[in-house]
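Asker: If you scroll down you'll find the structure; I have some questions about it.
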């Protein structure tokens with residue numbers, strides 16, 4: 001019971017307040033690079049082509065920044081309904097190997113090192 005409460009509290013905190021997230025790894029190059037700091041906004045509705053903070057049911061403790069490529073019908077009990085991929089396909093572990101992802105927040109801006117709005121594809 002407590003585990004579910006912690007998960008619900010975490011999701012509420014991600015969706016309620018914009019969060020700074022540090023990108024790790026090169027899977028989103030050239031859009032984002034290792035060490036970039038981005039803004040993740042949980043109340044925005046995810047859309048195809050958007051960059052998002054995601055997690056996979058197979059790796060519940062890991063959050064990733066990926067591009068949302070395709071929305072599946074929302075019939076997964078874990079809420080996994082996005083095909084999420086890295087922009088650098090050869091350097092990315094994503095939905096191609098992990099299956100559908102849960103979109104937790106939309107990444108709208110890079111805050112550091114070159115502040116600005118992220119482009120959509």
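The values are calculated or read from the model by the stated rules, or taken from the named source; none is laboratory data. It should be emphasised that the depicted structure is a prediction, and the values quoted were computed from it without experimental measurement. Neighbour counts are summed over all protein chains in view; Cβ atoms, including those assigned to glycine, are modelled from backbone coordinates with ideal geometry.
Asker: Look through 37, 51 and report the one residue that is surrounded by 15 or more Cβ atoms within 10 Å (Cβ to Cβ), more than 12 Å from the chain's Cα centre (by Cα), within 12 Å of residue 109 (Cα to Cα) and at pLDDT 95 or above. Explain how you work it out, then say what you get.
Answerer: On the way: 51 fails: more than 12 Å from the chain's Cα centre (by Cα).
The conditions single out 37.
Asker: Condition check: touching a helix residue (DSSP H, G or I) at 6+ places or on another chain (Cβ under 7 Å) and either crowded, with 18+ Cβ neighbours inside 10 Å or modelled with pLDDT of 95 or more (or both). Does residue 101 satisfy that?
Answerer: yes
Asker: Follow-up question, since we're still on this one. Out of the residues in the range 78-98 meeting the condition of being surrounded by fewer than 20 Cβ atoms within 10 Å (Cβ to Cβ) and under 12 Å from residue 57 (Cα atoms), tell me which one is farthest from the chain's Cα centre (by Cα).
Answerer: Per the criteria, the residue is 78.
Asker: A further question follows. Looking at the range 19-40, is at least one residue touching a strand residue (DSSP E or B) at 6+ places or on another chain (Cβ under 6 Å) and over 18 Å from residue 117 (Cβ atoms)?
Answerer: yes
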